Amino acid sequence: MTTAHHLPAGKAATGAYAVDVNPESAGWGHSSLRVLELPPGGTHGLDTGDSEWIVLPLSGGCTVSVDGETFSLTGRADVFSGVTDFAYVPRDADVAIVSEDGGRFALTGARCTRRLPARYGPASNVPVELRGSGTCSRQVNNFAAAAPAGAGPEYGFECDSLIAVEVITPGGNWSSFPPHKHDEHRPGIESELEEIYYFEFAGHRGTPGLGYHRVSPSGDGRGTDVLAEVRDGDVVLVPDGWHGPSMAVPGHHMYYLNVMAGPGTERAWLICDHPDHAWIRDTWPEQPVDPRLPLYTAPERSR
């Protein structure tokens, strides 16, 4: 079992970034994640290069200036306190990020072809989904999800290649379950997507939280194999394989940020469940959703 795909907090740090995962460092072709920490009054310049990016506050707020526009992000106290607004910045752009009070900001990125316009994403437009039931209950903030078939125009956020969501799993629950994969291009059935998991945990009376994450080989030469104890700031890379479950220990809510992109011309999230565990979905209608969820909802849309 390899540890190359589990990056404990600090292992992927470079320069201004507490986390800096890019195609070169990950050994793949498309997905990136940076976590930027700014002190009060801190500033940071970003050259987007050949990738599109979303600036997502993890804690605190900031302004994002690009292409002659400035977007003010209110942000949030932390990932367990609310949905956040965000800013999309296109490829081939110079970006300035400024935080008056300081904070931590995720930069989710993907190599892309089209140069879409810079945009502001209000928190009120983020679809908050409750997925699963019973001990498989979790909350998904679909801020940059690829809209599923049949979804209304309000669902998802337009990007060229980037797919990104937040998942909150209550303490004691399992998420990313049943294990699933998206490492083959099978039109209408499965997408080929690289995936990054970035973790944070709610503490309890000063004790930090933790969880466990599994990736297992999917065969046909795809051999990613990870069983990791994950803590605040840890990253797991999923170039291929069945991934899940992600398990939150009792008493500590787990947050992870997923970043996905791949070589396909269609931006789609199509997954294949592990055949040994797919049956669990059939039990969900018989059980209530965990009453602790939603942890929070998106603010109402202004009229």
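Quick look at the values:
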read-out: Whole-Hz ³J(HN,Hα) from phi, Karplus 6.51 cos²θ - 1.76 cosθ + 1.60, for the range 184-192, glycine and proline x; value: 9, 8, 10, x, x, 10, 8, 9, 9
read-out: Whole-number percent relative contact order across the chain, with pairs defined as alpha carbons under 8 Å at least 6 apart; value: 21 percent
read-out: Distance between modelled label sites at residue 11 and residue 185, nm, 7 Å Cα→Cβ extension; value: 3.1 nm
read-out: Ranking of 220, 183, 94 by count of other Cβ atoms within 10 Å, fewest first; value: 220, 94, 183
read-out: Answer label, with Rg and Dmax of the Cα atoms in Å calculated from the coordinates and candidates [x] 18.1, 53; [y] 19.5, 64; [z] 19.3, 57; value: [x]
read-out: Distant-in-sequence amide H partners of residue 102 (H built 1.01 Å from N, under 5 Å); value: 41, 42
read-out: Charge dipole magnitude, Cβ of K and R +1, D and E -1 - the range 229-275, Cα centre, debye nearest 20; value: 100 debye
read-out: Structure-based [θ]222 nm, the chain - -39500 (n - 2.57) summed over DSSP H runs of at least 4, per residue, nearest 500; value: 0 deg cm²/dmol
read-out: Signed unit charges on C-beta, dipole axis of the range 151-303, positive-most listed residue 161, 247, 274; value: 247
read-out: Cα-centred dipole magnitude for the chain, charges only on beta-carbon of K, R (+1) and D, E (-1), debye, nearest 20; value: 540 debye
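Each value in this text was obtained by applying a stated rule to the coordinates, not by laboratory testing. Everything quoted here is computed from the prediction, not taken from an experiment. In this analysis, Cβ positions are derived from the backbone assuming ideal geometry, glycine residues included, and neighbour counts consider all displayed protein chains.
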